[in-house]
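The values are calculated or read from the model by the stated rules, or taken from the named source; none is laboratory data. Owing to the predicted nature of the structure, the values given are computational and were not obtained by experimental measurement. We place every Cβ from the backbone using ideal geometry, glycine too, and count neighbours over all the protein chains shown.
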Amino acid sequence: MTSYQRIVLAARPRGEVKASDFRLETVAAPELADGQVLVRNDYLSLDPYMRGRMSEAKSYAAPQALNETMIGGTVGQVVASRHPKFAVGDAVVGVLGWAEMAVSDGTMLRKVDTSRVPLSAYLGAVGMPGMAAWYGLNQIMHPKAGETVVVTAASGAVGSVVGQLAKLRGCRVVGVAGGPQKCAYVADELGFDACIDYQAGNVAADLAAATPHGIDAIFENVGGPIFDAALPRTNAFGRVALCGLIAGYNGADMSIKNFRFLLTSRLTLRGFIVTEHMEYWPQGLSELGLLVAGGKLRYRETIASGLAAAPGAFIGLLQGKNFGKQLVKLG
Ligand code: NDP
């Protein structure tokens with residue numbers, strides 16, 4: 001192959017992301033130097049954090065550069081190698097961005113075993129989203145059997161894992177998701193005890209009905225009015241793992257009225273960025289991989305086809321159009 005396609009960030013969005021914020025380009029295939037591998041990407045991961053990187057606002061990570069390949073997790077195959085640790089044919093997970101292929105010096109590139117876990121799962125339940133679920137649950141929420149746990153964006157890549165891990169701990173688990181179809185999946189297929197459809201417009205009353213003994217721990221992915229509605233239900237010494245605030249990523253008002261429950265319920269709230277806790281990844285990924293391989297951790301994927309479909313699929317992710325982990329299949 002003498003050339004390949006990639007998608008670059010063409011403009012920084014204001015408010016809603018638009019297709020014109022991206023540009024599809026054809027570029028010359030690179031020559032390999034010593035210590036490098038050439039990877040053909042099979043799947044791209046689309047993740048909400050990418051919206052933050054598209055902005056120049058102060059954050060925990062540097063902004064995505066304009067006119068450079070969009071950042072992102074990838075899985076694929078090594079197609080050429082001058083690196084001692086990688087051979088042609090190796091299945092690898094990396095952060096190679098929105099491109100058909102990429103050269104890597106091996107940094108943040110990891111060989112994976114696809115004999116019992118499908119390749120794409122390394123971008124979801126057995127990848128960064130699964131680790132976010134694992135970390136928030138084990139290091140912040142510490143749920144005990146019999147406690148009530150609430151998970152927002154419950155049908156998604158992170159939320160679906162959190163809820164199932166909490167069920168394995170013997171908790172009562174209540175999800176919050178958008179629409180009856182997602183809620184049916186969360187309750188019937190993932191085994192949550194209940195799921196509230198926030199689009200039905202009665203979040204506070206529905207949460208009260210689903211949490212008769214209050215809420216002991218929240219895994220927060222959304223923020224805004226949904227988080228606000230959960231705060232008055234919290235029990236004394238409740239824990240909040242603040243993972244994401246997707247309701248605000250396109251600029252919506254995220255003010256909360258029920259802040260005082262942080263005090264009156266003596267809550268511990270901790271925000272976290274899972275890539276800052278790499279020391280837990282070997283243990284977490286090993287546990288998650290065993291659960292997926294054993295059929296004890298279920299997941300769902302929405303797969304867009306072809307590199308050119310990535311911008312539209314990403315815009316859809318921020319609007320809740322994905323159902324489970326959003327991927328793009330290449331090739
Ligand atoms: P999902 O697969 O859950 O997809 C995003 C979902 O968010 C949508 O499907 C939609 O579900 C929901 N959503 C979107 N907009 C809104 C809105 N305005 N109000 C309510 N819900 C909305 O994504 P992930 O599982 O990958 O990520 C979930 C969260 O976790 C995000 O906030 C993300 O930024 C965060 N995250 C944080 C990490 C960390 O290290 N802190 C690591 C990974 C993810 P629905 O239709 O149900 O509303």
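It is to be established whether one or more residues within the stretch 115-125 are surrounded by fewer than 18 Cβ atoms within 10 Å (Cβ to Cβ), aliphatic (A, V, I, L, M) and assigned to a loop (DSSP other than H, G, I, E, B).
Within the stretch 115-125, not a single residue is surrounded by fewer than 18 Cβ atoms within 10 Å (Cβ to Cβ), aliphatic (A, V, I, L, M) and assigned to a loop (DSSP other than H, G, I, E, B).
Are any residues in the stretch 291-317 over 25 Å from Ala187 (Cβ atoms) and hydrophobic (A, V, I, L, M, F, W, C), and if so, which ones? So that I can check it myself, show each step before the final result.
Taking the stretch 291-317 as the starting set, the residues that turn out to be over 25 Å from Ala187 (Cβ atoms) are 304-315.
Listed by number, the residues that qualify are Ala304, Leu307, Ala308, Ala309, Ala310, Ala313, Phe314, Ile315.
Among the residues of the stretch 213-234, write down those that are buried (at least 17 other Cβ atoms within 10 Å of the Cβ) and more than 20 Å from the chain's Cα centre (by Cα). Step through it out loud before you land on a result.
The initial filter retains those residues of the stretch 213-234 that are buried (at least 17 other Cβ atoms within 10 Å of the Cβ), namely 215-234.
Within the stretch 213-234, Ile215, Asp216, Pro225, Asp228, Ala229, Ala230, Leu231, Pro232, Arg233, Thr234 meet the criteria.
Within the stretch 269-290, track down each residue that is more than 16 Å from the ligand (Cβ to nearest atom) and touching a residue at least 40 places away in the same chain (Cβ under 8 Å). Can you show your working first?
Keep residues of the stretch 269-290 that are more than 16 Å from the ligand (Cβ to nearest atom), which gives 282-283, 286-287, 289-290.
Correct list: Glu287, Gly289.
Where the second residue is assigned to a strand (DSSP E or B) and surrounded by 16 or more Cβ atoms within 10 Å (Cβ to Cβ) and the first is at pLDDT below 95 and lies in the stretch 1-24, which pairs have Cβ atoms under 9 Å and are six or more apart or on separate chains?
Met1/Arg40; Met1/Met101
Taking the stretch 1-56 on its own, how many of its residues are within 24 Å of Ala80 (Cα to Cα) and not in a strand (DSSP E or B)?
Counting residues in the stretch 1-56 that are within 24 Å of Ala80 (Cα to Cα) and not in a strand (DSSP E or B) gives 10.
Could you go through the stretch 142-150 and let me know if any residue there is within 14 Å of the ligand (Cβ to nearest atom), buried (at least 22 other Cβ atoms within 10 Å of the Cβ) and not assigned by TED's automatic domain parsing to the domain that holds Arg23.
Step one: of the stretch 142-150, the residues within 14 Å of the ligand (Cβ to nearest atom) are 150.
Narrowing the set further to residues that are buried (at least 22 other Cβ atoms within 10 Å of the Cβ) leaves 150.
If we keep only those that are not assigned by TED's automatic domain parsing to the domain that holds Arg23 as well, we get 150.
So far as the stretch 142-150 goes, yes, one or more of its residues are within 14 Å of the ligand (Cβ to nearest atom), buried (at least 22 other Cβ atoms within 10 Å of the Cβ) and not assigned by TED's automatic domain parsing to the domain that holds Arg23.
Which one is farthest from the chain's Cα centre (by Cα), of the residues in the stretch 235-262 that are more than 16 Å from the ligand (Cβ to nearest atom) and outside any strand (DSSP E or B)? Even if it seems obvious, please write down each step before you answer.
Here is the first cut: in the stretch 235-262, the ones more than 16 Å from the ligand (Cβ to nearest atom) are 235-238, 257-262.
Those left that are additionally outside any strand (DSSP E or B): 257-262.
Details: Lys257: 27, Asn258: 27, Phe259: 26, Arg260: 29, Phe261: 28, Leu262: 26 Å.
This residue is Arg260.
Can Ala121 be described as modelled with pLDDT of 95 or more and under 18 Å from the mean Cα position of the chain (by Cα)?
Numbers: modelled with pLDDT of 95 or more: yes; under 18 Å from the mean Cα position of the chain (by Cα): yes.
Answer is yes for this residue.
Determine, yes or no, whether Ala65 is closer than 25 Å to Arg110 by Cβ, modelled with pLDDT of 95 or more, aliphatic (A, V, I, L, M) and part of a loop (DSSP other than H, G, I, E, B).
Working: closer than 25 Å to Arg110 by Cβ: yes; modelled with pLDDT of 95 or more: yes; aliphatic (A, V, I, L, M): yes; part of a loop (DSSP other than H, G, I, E, B): yes.
Criteria met by Ala65.
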